[in-house]
Amino acid sequence: MKKIAIVLGTRPEIIKMSPIVVECQKQGVDFFILHTGQHYSHELDKQIFDDLKLPAPKHNLGIGGQPYRKQVGLMTKEISKILDIEKPDVVIVQGDTISVLAGAMAGKKAGIKIAHHESGLRSHDTSMVEETNRVVTDHISDFLFVPTLDALKNLQEEGMDPDRIHMVGNTIVDAVLQNLDKALNTGKKFEEHKLSSRGYILASAHRAENVDVPERLKGIIEGLRLTGQELGVPVIFPVHPRTKFKLKEFNITLPDNIIEIEPVGFLELLKLEKHARLVMTDSGGMQEESFILRVPCVTLRDNTERPETVEHGANIVSGVEPEKILAAAKLMVGKNLNPTHFINPFGDGRTAERIIRILQESL
Ligand code: UDP
């Protein structure tokens, strides 16, 4: 039995790694969690661990809140030290964050195999730091765990060695299926805010290219206001710490029909997504989840690395101009996303099982 290092650092990684942790526990696989500390606020970290009943990380580096280059350097150095002590057989990273890049580089330097889950996603927007992180990580990884056919195509076009590529799906489906019933039974925010099913919009925005640019952030807020007004429903807006900071810095006040709430746990979020009339977001994970839950989505960006959601008619990329956001929302709202032939391109909920099996057989 081989030893697996699960490196994570942010909310989406905790959520998408959770089925892998569950699978390791189920199969008695030797593993440990190494948390870089990239996300360190209670809402984005501990609350998610608690919700998903995950074991506490064995190592927490506490490296958050630093500029990009410093964070990459510090994380790579500190992860390397832990890998030297723990000597795992493989390092698994997930997604496109600084923690992913640092985990992969530290593993590479130590001569340890690297597995990248959610490999092959491309926005083709090289100004996004996430694009750099995912491209570099893919090119130095030994196991490319690919979620969709579009992602597979991207890797093939980049000439990646087919022996490294494994089409497995995305653990977000596992995470949603494992937690949805519990979420619907336990979520309290829905009742707390006196919401009704399909009676509100769920919104989120946190990407640097959106919230760090005053005109773009203002455009998003105005687009949400207009959409809420047009549909006659409130906009529930769990505000990411980065966005909260930027709203204050740019002196932007939220209009009355946008209801600001603290970031919620994963179970609360799933319930809010499931009952929303529309999800409007720049989050990668929420584009996938709204698709899985069959709730129409408007992506508040200029591109998406989840084209499957758009190809299936479940998502639209609106940009951040208020009128375009409103027009996109009007196109999507009320769309029937339940055709019988609707096959989920993100997988069947058994992705973590496949990943662990492939690693155990190949190492
Ligand atoms: N999420 C959450 N609480 C919130 C907002 C989002 O648990 O208040 C979850 C959401 O369900 C999704 C993940 O966080 O699984 C997405 O994370 P984020 O948007 O921060 O990152 P991205 O997916 O864009 O990388």
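General observations
- Backbone geometry of segment 253-267 corresponds, through the Karplus equation with coefficients 6.51, -1.76 and 1.60 at θ = phi - 60°, to 3J(HN,Hα) couplings of 9, 6, x, 4, 7, 9, 9, 7, 10, 5, x, 9, x, 5, 5 Hz, x marking Gly and Pro.
- Kirkwood estimate for the chain, i.e. one over the average of 1/r between Cα atoms, Å: 20.6 Å
- For segment 152-211 versus segment 1-59, the gap between their alpha-carbon centres in whole angstrom: 17 Å
- Within the assembled protein chains, the solvent-accessible surface assigned to residue 84 is about 90 Å², based on a 1.4 Å probe.
- Summing Cβ point charges (Lys, Arg +1; Asp, Glu -1) relative to the Cα centre of the chain gives a dipole of roughly 580 debye.
- Here's how it looks for residue 44: its modeled amide H is under 5 Å from none belonging to a residue 5 or more places away or on a different chain.
- Per-atom-type breakdown for the chain gives carbon and sulfur 52% of the accessible area (1.4 Å probe, protein chains only).
- Between helix 351-362 and the chain there is an angle of about 10 degrees, using the helix long axis and the longest principal axis of the Cα atoms.
- Once backbone amide H atoms are built at 1.01 Å from N, residue 301 has 318, 319 as its partners under 5 Å, excluding neighbours fewer than 5 places away on the same chain.
- For the chain, the mean residue ellipticity at 222 nm estimated from helices alone is -14500 deg cm²/dmol, where every DSSP H run of n ≥ 4 contributes -39500 (n - 2.57) and the total is divided by all residues, rounded to the nearest 500.
- Backbone geometry of segment 109-126 corresponds, through the Karplus equation with coefficients 6.51, -1.76 and 1.60 at θ = phi - 60°, to 3J(HN,Hα) couplings of 4, 7, x, 9, 5, 10, 10, 10, 8, 6, 7, x, 6, 9, 8, 6, 10, 6 Hz, x marking Gly and Pro.
- Here the dipole of segment 272-363 is about 320 debye; that uses its Cα centre as origin and unit charges on the Cβ of Lys and Arg (positive) and Asp and Glu (negative).
- Note on residue 2/residue 139: beta-carbon distance plugged into 1/(1 + (r/R0)^6) with R0 of 25 Å gives a FRET efficiency of 0.60.
- Cross-link table 46/189; 87/108; 3/26; 3/108; 58/274, entries beyond 22 Å C-alpha to C-alpha: 58/274
- In this structure, the amide hydrogen of residue 113, modeled 1.01 Å from its nitrogen in the peptide plane, lies closer than 5 angstrom to those of 91, counting only residues at least 5 positions away or on a different chain.
- The HN-Hα couplings worked out from phi for segment 199-216 by the Karplus form 6.51 cos²θ - 1.76 cosθ + 1.60 (θ = phi - 60°) are x, 7, 9, 9, 10, 7, 7, 8, 5, 3, 5, 9, 7, 7, 10, x, 5, 6 Hz, whole numbers, x standing for Gly and Pro.
- To the nearest 10, the accessible area of residue 40 is 150 Å² with a 1.4 Å probe.
- Under the criterion of Cα pairs below 8 Å and six or more residues apart, the relative contact order for segment 1-157 equals 21 percent.
- In the context of the full set of protein chains, the chain has a per residue accessible area of 41 Å² (1.4 Å probe).
The values are calculated or read from the model by the stated rules, or taken from the named source; none is laboratory data. All figures in this text were calculated on a predicted structure; none of them were measured in a lab. All Cβ positions, even for glycine, are placed from backbone atoms using ideal geometry, and neighbour counts span all protein chains on display. Only protein heavy atoms, including side chains, enter the accessible area calculation; ligands, DNA and RNA are left aside. Shrake-Rupley method; radii C 1.70, N 1.55, O 1.52, S 1.80 Å.
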